[in-house]
Amino acid sequence: MGRKKLIPAAAALAAGAALTLAASPASAQPQQSPSPAPAPAALAAASADRLVGSAGTASLLRRADGDALKRTGVVQGTRGLQYVTYARTFKGLPVVGGDVVVTTDAAGTVRDTAVAQTGTIDVATTATVSAAKATAAARARLATVDSAAAPALKVLAWGTPKLAYEVVVEGRTTQQRPSRLHVFVDARTGRVLDQIDDVREGTGNGYYYGNVTINTSGSGSSYSMTDTTRPGLKCGGQGGSAYTGTDDAWGNGSGTNLETACVDALWGAQREVDMFSAWFNRNGILGNGSNPPIRVGLADVNAYWNGSYVNFGHNQANTRQATPIDVVGHELGHAVFQNTPGGAGSGNENGGINESTGDIFGALTEAYANSPLDPPDYTVGEEVDLVGDGPIRYMYNPSLAGDPNCWSSSIPSTEVHSAAGPLNHWFYLVAEGSAPSNGQPSSPTCNSSSVAGISIRKAGEIYYNAMQAKTSTWKYANIRTATLNAAKNLYPGSCTEFNSVKAAWNAISVPAQSGEATCTGGTPANDFSLSASPASGSVAAGSSATTTIATATISGSAQSVALSASGLPSGATAAFSPATVTSGSSSTLTISTSASTPAGTYSVTVTGTGSATHTATYALTVTGGSGGSCAGTNGTDVSIPDAGSAVTSTITISGCARSASSTSAVAVTIVHSYRGDLVVDLVAPDGSSYRLKNSSSSDSADNVNATYTVNLSSEAANGAWKLQVRDVYAQDTGYLNTWSLTL
């Protein structure tokens, strides 16, 4: 039987409704209507603009001479929260990774500020590499290129800011996967700095939901699988056009019938659009009233979002299409991630967050739909039988699919679908708790704690509002801060939700962050945040280093904050100017060393004391001193040939009056498109070699950014130390950016 679409009659009924005006007394004089109160969005924009325009917040917002911040929108959250977004330019050039989000309540009071950058920008803005060379470098990233957009000169501020061309190339990878790749090419050297792919891949099944009501369009003998009530939403084949028919009955119930696949996909997408509207006050998947179109019939065991539309293939047995509601919800979740502040960022940790966001919105959509044919759960694609292993991911216990339950420092180098594991686990713990009593499975915690759930809808509301403060450099640590802020702002009279969110982060091993929110119940207490910019610095013994200590009011009213520093090396002193600030203002910290200050790297803790106490950390590296110079850095770029001979970079240590230590540190930054190709060794002055990193064909992530601890106690410190890097496999290139050695 075909799957009929039931067309409900649309009628507006006002039964017995009336507007009653009280009669004015005969002696009453005409009254002037009061001016309407400003809307929350207008109040939010005005407050955020004042904050951004204030000279006292330049450090907080990482502003440099030549910076400009332009308001790009006001996003409405739930419970009156508003999120004001800003894009940055530097000397007229767009900054990628310079985004800012200011959060306010309905009254316009600033609650939080999120900044993508970690430092200020100081780059030359004249390219020395031609646009044509940048295009060639970008095209080389794909096996097949269908099109390449004109290069756009920008500042890339993910990490150390650099002048870069952004080139968007479309085509297919060496694995014949579709790709829409944003490639950032250094405009001074021609090297590829970073890349992000709009295509976010997933997998699904052909699960059917019986005879369902779907919104289509048409009349008489001409119908289309186009939902005019949800703008942009339609479903069809690979050509992009919606399926049409002479009647309004669609599909035949077969797992191989593509019209049937569109019934499932449209029904699931319509539930997701409705869920976002009813639960989170979002206007469409894209947030502007519009929604992406859907394609089915992809000749692949796959489904993906490509930045413009979602596309669904089939299972490995080719017996059903990849259109169950959790997979549809997942892929459209990528569209939400891309179309919230900060967009889709770079790196595996951010990519894992993107994948988990898809899983979270898939679970939320499944819960909202509440179909008896697919009861709400926290498994992903449970009907998919790609290789006979059942679900692709288990949100309540990611380890069941071989994914990590807990966050660790290895997450940034973990494949993105696996890197989603800890966030999926966190969401389940917030929604259901570690020991649910409603039939959902128990969930292990990484610290053997118990976590109380607060419901999937509340967990979703907190995560969705946290996403409105997302920046392009979002990591797990940022989500912890953002969700705690969201819980506190959404439920100001309660600590129940806040405490569950915090307990769940602790339960998956994401550590507490400097200046994160606290909750004491009732009306939010006065509170502030504290940060250091820059967060590190190097100084020769006998000289001084400075950093700006920024504060911001994150709840309640501004307050007086007294500043102090601890953890200084011997012979060093710290001075603040001023020593006490009003939250929202900044102070300059000057750390002065003496000639006798020992060389080394020290963690200086800056403490701000007001109604609460918060800390920030400044990493101080001292060179020279009474022990001589036992550390060094080489920041000269060295190209690494593809599958070629080893290259070296040298640091010469002199004047160090001791042997190297058993905990010597080697910090290495390499820009490379496939770090599994790389072998890295440290070569001592006497020729002894210490292996820091082996090659690995399974490590497909970009770049090396690691600090290695090496026992060099048998080595003399002084002499020429060499870092040796070799690319052992073909097809990927890169360069040694910088390395440092602390003996």
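Values as computed for the structure displayed
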| item | result |
| --- | --- |
| Options A706, A701: the member that is in contact (Cβ under 8 Å) with a residue 60 or more places away in the chain and either touching a His at 6+ places or on another chain (Cβ under 7 Å) or surrounded by 16 or more Cβ atoms within 10 Å (Cβ to Cβ) (or both) | A701 |
| Hits in the stretch 419-437 (condition: touching a residue at least 40 places away in the same chain (Cβ under 8 Å) and open to solvent by 10 Å² or more (accessible area, probe 1.4 Å)) | E432, S434 |
| The lone exception for G66 - which of (1) at negative phi; (2) at pLDDT 90 or above it fails | (1) |
| Residues within the stretch 471-484 that are modelled with pLDDT under 95 and crowded, with 24+ Cβ neighbours inside 10 Å, tallied | 1 |
| Any chance N283 is surrounded by fewer than 24 Cβ atoms within 10 Å (Cβ to Cβ), of a type in the set (S, T, N, Q), part of a loop (DSSP other than H, G, I, E, B) and within 26 Å of the chain's Cα centre (by Cα) | yes |
| Residue count, the stretch 642-672 (criterion: touching a residue at least 40 places away in the same chain (Cβ under 8 Å) and either under 21 Å from S413 (Cβ atoms) or not hydroxyl-bearing (S, T, Y) (or both)) | 19 |
| Matching entry among S531, S557, S509, S494 (being touching a residue at least 40 places away in the same chain (Cβ under 8 Å) and either out of contact with any Phe, Trp or Tyr (no Cβ under 6 Å at 6 or more places or on another chain) or over 25 Å from Y618 (Cα atoms) (or both)) | S531 |
| Positions within the stretch 590-603 being aliphatic (A, V, I, L, M) and either surrounded by fewer than 21 Cβ atoms within 10 Å (Cβ to Cβ) or modelled with pLDDT under 90 (or both), in sequence order | A595, A599 |
| Looking only at the stretch 141-168, and only at residues there that are open to solvent by 60 Å² or more (accessible area, probe 1.4 Å) and under 24 Å from N705 (Cα atoms), the one that is nearest to the chain's Cα centre (by Cα) | T160 |
| Close pairs from the stretch 211-240: first more than 27 Å from P178 (Cβ to Cβ) and assigned to a strand (DSSP E or B), partner of a type in the set (V, I, T) and open to solvent by less than 10 Å² (accessible area, probe 1.4 Å), Cβ under 7 Å, at least 6 apart | none |
| Residue that is part of a strand (DSSP E or B) and polar (S, T, N, Q), where the choices are S494, S538, S500 | S538 |
| Residue tally, condition open to solvent by 10 Å² or more (accessible area, probe 1.4 Å) and touching a residue at least 60 places away in the same chain (Cβ under 8 Å), over the stretch 443-470 | 7 |
| Strands (runs of 3 or more DSSP E) (entirely within the stretch 99-170) containing at least 1 residues that are farther than 30 Å from Q76 by Cβ and either touching a residue at least 60 places away in the same chain (Cβ under 8 Å) or in contact with an Asp or Glu (Cβ under 6 Å, 6 or more places away or on another chain) (or both) | 144-148, 152-156 |
| Subset of the stretch 425-445 that is farther than 14 Å from W505 by Cα and of a type in the set (S, T, Y) - its residue that is modelled with the highest pLDDT | S442 |
| Of the criteria (1) under 20 Å from the mean Cα position of the chain (by Cα); (2) surrounded by fewer than 24 Cβ atoms within 10 Å (Cβ to Cβ); (3) of a type in the set (A, V, I, L, M, F, W, C), which one A367 fails | (1) |
| Within the stretch 673-698, tally of residues that are assigned to a loop (DSSP other than H, G, I, E, B), open to solvent by 30 Å² or more (accessible area, probe 1.4 Å) and touching a residue at least 12 places away in the same chain (Cβ under 8 Å) | 9 |
| Residues (of a type in the set (S, T, N, Q), surrounded by fewer than 24 Cβ atoms within 10 Å (Cβ to Cβ) and in contact with a Leu (Cβ under 8 Å, 6 or more places away or on another chain)) located in the stretch 312-354 | N315, Q316, N339 |
| Residue list for the stretch 43-84, filter: open to solvent by 20 Å² or more (accessible area, probe 1.4 Å) and among the small types (G, A, S) | A46, G53, S54, A55, G56, A58, S59, A64, G66, A68, G73, G80 |
| For D194: the one exception among (1) of a type in the set (D, E); (2) within 23 Å of the chain's Cα centre (by Cα); (3) open to solvent by 30 Å² or more (accessible area, probe 1.4 Å) | (3) |
| Search result, residues across the stretch 122-137 that are in contact with a Pro (Cβ under 8 Å, 6 or more places away or on another chain) and surrounded by fewer than 24 Cβ atoms within 10 Å (Cβ to Cβ) | D122, V123, A131, T135 |
| Restricting the stretch 173-191 to residues that are among the charged types (D, E, K, R) and modelled with pLDDT of 85 or more, the residue that is nearest to the chain's Cα centre (by Cα) | R180 |
| Residue count for the stretch 709-743, restricted to those that are surrounded by fewer than 17 Cβ atoms within 10 Å (Cβ to Cβ) and either part of a loop (DSSP other than H, G, I, E, B) or out of contact with any Ser or Thr (no Cβ under 9 Å at 6 or more places or on another chain) (or both) | 7 |
| Unmet criterion (only one of (1) crowded, with 21+ Cβ neighbours inside 10 Å; (2) more than 25 Å from G159 (Cα to Cα); (3) of a type in the set (D, E, K, R)) for R658 | (1) |
| Only one of S409, S399 that is within 18 Å of the chain's Cα centre (by Cα), within 27 Å of V704 (Cα to Cα) and surrounded by fewer than 24 Cβ atoms within 10 Å (Cβ to Cβ) | S409 |
| Residue among G351, G362 that alone is part of a helix (DSSP H, G or I), farther than 26 Å from S224 by Cβ, touching a helix residue (DSSP H, G or I) at 6+ places or on another chain (Cβ under 9 Å) and at pLDDT 95 or above | G362 |
| Selection status of A107, open to solvent by 40 Å² or more (accessible area, probe 1.4 Å), out of contact with any helix residue (DSSP H, G or I) (no Cβ under 6 Å at 6 or more places or on another chain), closer than 30 Å to N526 by Cβ and hydrophobic (A, V, I, L, M, F, W, C) | yes |
| Matching option when the condition is closer than 27 Å to L61 by Cα, in a strand (DSSP E or B) and either under 28 Å from the mean Cα position of the chain (by Cα) or modelled with pLDDT under 90 (or both), among A550, A565 | A550 |
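The values are calculated or read from the model by the stated rules, or taken from the named source; none is laboratory data. Note that this is a predicted model, so its numbers are computed, not measured. Cβ coordinates were reconstructed from backbone atoms using ideal geometry, including for glycine residues, and neighbour counts include every protein chain displayed. Keep in mind that these areas ignore ligands, DNA and RNA; they rest on the heavy atoms of the full protein, side chains included. Shrake-Rupley method; radii C 1.70, N 1.55, O 1.52, S 1.80 Å.
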